Amino acid sequence: MPLNRLLSLPAKLRGQQTSRPPRANASHIALSALGAFLAIGVIAAASKSPNEMLIMGSFGGTCVLLFGFPDSPFAQPRNVIVGHTLSYAAGLILAKLLGAHWWSLGIALGISIAVMMLLGTVHPPAGANPVIIYLSFHYMHTDPGWHSIFFPALLGSTALVVVALLFNNLTRDEAYPRYW
């Protein structure tokens, strides 16, 4: 690491001194909350048993993007569905092949980020999926099984996108998605 980067660290940590973005208006906040409520409610209600779960923790972050910031590149359908599915699969494959270790979790997350970036499907909440897999194996002593790539990763993220497609296009003037 060059010395000039080390010396510039205190100034960088103060930030760029730009102003914060404006706060969303009350109707956008209310609609965002309602959309998230409906989307999570739909997939939670559709989860009939632990073997057919459509919900996981990272979907909360997905709802923030889908309903609070639907124009963000991170909230587009391809990013949501492919990002969740790839990251979940990477976490599961690495945990099964290498075991649930801190270093295999790090490898799985690194691979998830690299593949999402290479494919142009970055979805930040999907970065939690390898961690979810690691916690399942390491602390809960459960193997989610290969089917979990489909239930909840693929079908759960698809269900969220379907709700977002309907809700955002019925409640906003702007079209959602911006692209596929």
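Computed values, structure above
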{"read-out": "Taking the stretch 1-67 and dividing mean pair separation by its residue count, relative contact order in percent (alpha carbons under 8 Å, at least six apart)", "value": "29"}
{"read-out": "Neighbour net charge for Ala159 - beta-carbon separation under 15 angstrom, K R +1, D E -1", "value": "0"}
{"read-out": "Using θ = phi - 60° and Karplus 6.51 cos²θ - 1.76 cosθ + 1.60, couplings along the stretch 117-134 (whole Hz; Gly, Pro as x)", "value": "5, 4, 8, x, 10, 5, 9, x, x, 5, x, 6, 5, x, 5, 4, 4, 4"}
{"read-out": "Whole-number percent relative contact order across the chain, with pairs defined as alpha carbons under 8 Å at least 6 apart", "value": "28"}
{"read-out": "Gln16 versus Phe37: modelled label distance in nm, points set 7 Å from Cα along the beta carbon direction", "value": "3.6"}
{"read-out": "Hz values of 3J(HN,Hα) by residue in the stretch 164-173 - Karplus curve (6.51, -1.76, 1.60), Gly and Pro given as x", "value": "5, 4, 5, 4, 5, 7, 8, 10, 10, 6"}
{"read-out": "Signed unit charges on C-beta, dipole axis of the chain, positive-most listed residue Gln17, Leu54, Val42", "value": "Gln17"}
{"read-out": "Average Cα contact separation per residue, the stretch 94-143, under 8 Å, 6 or more apart, as relative contact order %", "value": "39"}
{"read-out": "List Met56, Met140, ordered by accessible area with a 1.4 Å probe, largest first", "value": "Met140, Met56"}
{"read-out": "In the stretch 1-82, the trypsin sites (Lys or Arg not before Pro) that fall in loop regions by DSSP, at most 16 other Cβ within 10 Å", "value": "Arg14, Arg23, Lys48"}
{"read-out": "Sum of -39500 (n - 2.57) over DSSP H runs of 4+, divided by residues of the chain (222 nm, nearest 500)", "value": "-18500 deg cm²/dmol"}
{"read-out": "Fully extended contour minus Cα-Cα distance, from Ser27 to Asp143, at 0.36 nm per residue", "value": "37.5 nm"}
{"read-out": "Gap separating the Cα centres of the stretch 27-73 and the stretch 109-166, nearest whole Å", "value": "14"}
{"read-out": "Rounded to the nearest 20 debye, dipole of the chain from Cβ charges on Lys, Arg, Asp, Glu", "value": "540"}
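The values are calculated or read from the model by the stated rules, or taken from the named source; none is laboratory data. This one's a predicted model, so the numbers in the text were calculated from it and none came from an experiment. Methodologically, a virtual Cβ is constructed for each residue, glycine included, from the backbone with ideal geometry; neighbour enumeration extends over all protein chains shown. Accessible surface areas use protein heavy atoms only, side chains included; no ligands, DNA or RNA. Shrake-Rupley method; radii C 1.70, N 1.55, O 1.52, S 1.80 Å.
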